[in-house]
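Notes to accompany the following structure.
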Amino acid sequence: MSNYEEMMLYRDWMKVVVVVFFWLCTANSQGQQGASVTEATGNELEASFPPALPPQFATENSTLITAQTGSTALIPCLVHGIGDGVVSWIRRKDYHLLTVGLTTYTGDERYQAVHLHNSEDWTLQIKFVQERDAGIYECQVSSHPPSSIFLHLDVVEARAEIAGPREKYLKLGSVLRLVCTLRQSPDTPIYMFWYHNNRMVNYDLDRGVNVTAQLPNKSSTLLVTQAAPHHSGNYSCVPSNAQPASTVVHILNGENPAAMQTGGRDLTWLRSPSLWLLLACQTSLLHS
């Protein structure tokens with residue numbers, strides 16, 4: 001092979017080496033750039049889609065709700081970040097599934113889940129609540145794993161109470177004052193009516209009866225400044241949302257209250273065993 005041919009062959013090999021070297025450098029550069037892009041893209045995706053947090057209950061666990069019989073009980077369950085989760089209500093004493101979402105799964109139509117669109121409040125409503133409804137209720141969110149809080153419903157029997165003894169004795173012309181207060185009533189009454197025998201007397205100013213109600217304080221007062229004989233009788237306090245209470249008022253015209261209680265004569269001696277034994281002994285001696 002001549003020198004010229006050797007030079008041409010050497011030049012061709014150098015071209016191949018240069019092309020291969022250039023290709024390797026380019027591929028390496030693109031690989032590093034691709035890795036950077038992949039890493040950057042991964043970071044971007046990670047920043048755009050943070051890991052999902054479990055739902056958070058804004059209603060405190062073991063909250064006590066008090067309702068009176070016949071009213072509507074509202075058991076709250078406020079949940080933040082529910083996402084795709086579904087809220088269910090379970091009655092714990094018999095593990096009865098009551099509601100799932102807004103669907104009721106019990107034949108008792110008094111139970112219903114109350115939820116406004118886009119709100120975080122899932123309240124369990126029980127209409128015409130009874131004492132048998134008392135107990136623990138579970139508000140559960142279908143997260144992974146499920147999250148729950150437990151709330152206690154206490155059902156009370158509201159009642160009216162008139163201060164003082166069941167029977168009251170007043171002198172003619174004295175002041176008659178009856179105070180009625182609601183006990184175990186979480187709700188404010190709409191009204192508190194007073195009845196004298198069978199007559200409602202809230203507006204009987206012309207008969208000397210003045211009634212003032214303090215409904216926010218769940219109390220009412222009946223006042224007669226000068227009691228007359230026609231003010232005697234049975235007085236009843238009848239609230240809108242509680243059991244009524246009654247008292248009997250006696251207006252005395254110079255009589256002794258003790259005598260009135262026994263019909264004017266003390267007959268307690270008839271209940272004395274020793275006197276009965278003495279009479280029996282005397283009778284036996286007379287016939288011996």
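The values are calculated or read from the model by the stated rules, or taken from the named source; none is laboratory data. Predicted, not measured: the structure shown is a model, and the values here were computed from it. Note that we place each Cβ from the backbone using ideal geometry, even for glycine, and neighbour counts take in every protein chain shown. All accessible areas refer to the heavy atoms of the entire protein, side chains included, with ligands and DNA or RNA removed. Shrake-Rupley method; radii C 1.70, N 1.55, O 1.52, S 1.80 Å.
Name every residue in region 162-182 that is in contact (Cβ under 8 Å) with a residue 40 or more places away in the chain, out of contact with any Cys (no Cβ under 7 Å at 6 or more places or on another chain) and part of a strand (DSSP E or B), in order of residue number.
Correct list: GLU167, LYS168, TYR169, LEU170, LYS171, LEU176, ARG177, LEU178, VAL179, LEU182.
With the requirement that a residue be open to solvent by 40 Å² or more (accessible area, probe 1.4 Å) and within 15 Å of PHE57 (Cα to Cα), what does region 132-143 give you?
GLN140, SER142 - these are the residues of region 132-143 that are open to solvent by 40 Å² or more (accessible area, probe 1.4 Å) and within 15 Å of PHE57 (Cα to Cα).
What's the number of the only condition in (1) open to solvent by 70 Å² or more (accessible area, probe 1.4 Å); (2) of a type in the set (Asp, Glu); (3) closer than 26 Å to THR69 by Cα that GLU167 fails to meet?
(3)
Of everything in region 210-234, what is of a type in the set (A, V, I, L, M) and within 14 Å of LEU170 (Cβ to Cβ)? Give them in sequence order.
If the condition is that a residue be of a type in the set (A, V, I, L, M) and within 14 Å of LEU170 (Cβ to Cβ), then LEU222, LEU223, VAL224, ALA227, ALA228 are the ones that fit.
Report, by residue number, each residue of region 65-84 that is in a loop (DSSP other than H, G, I, E, B) and either of a type in the set (Ser, Thr, Tyr) or open to solvent by less than 40 Å² (accessible area, probe 1.4 Å) (or both).
Once the filter is applied, which keeps residues that are in a loop (DSSP other than H, G, I, E, B) and either of a type in the set (Ser, Thr, Tyr) or open to solvent by less than 40 Å² (accessible area, probe 1.4 Å) (or both), region 65-84 yields THR69, SER71, THR72, CYS77.
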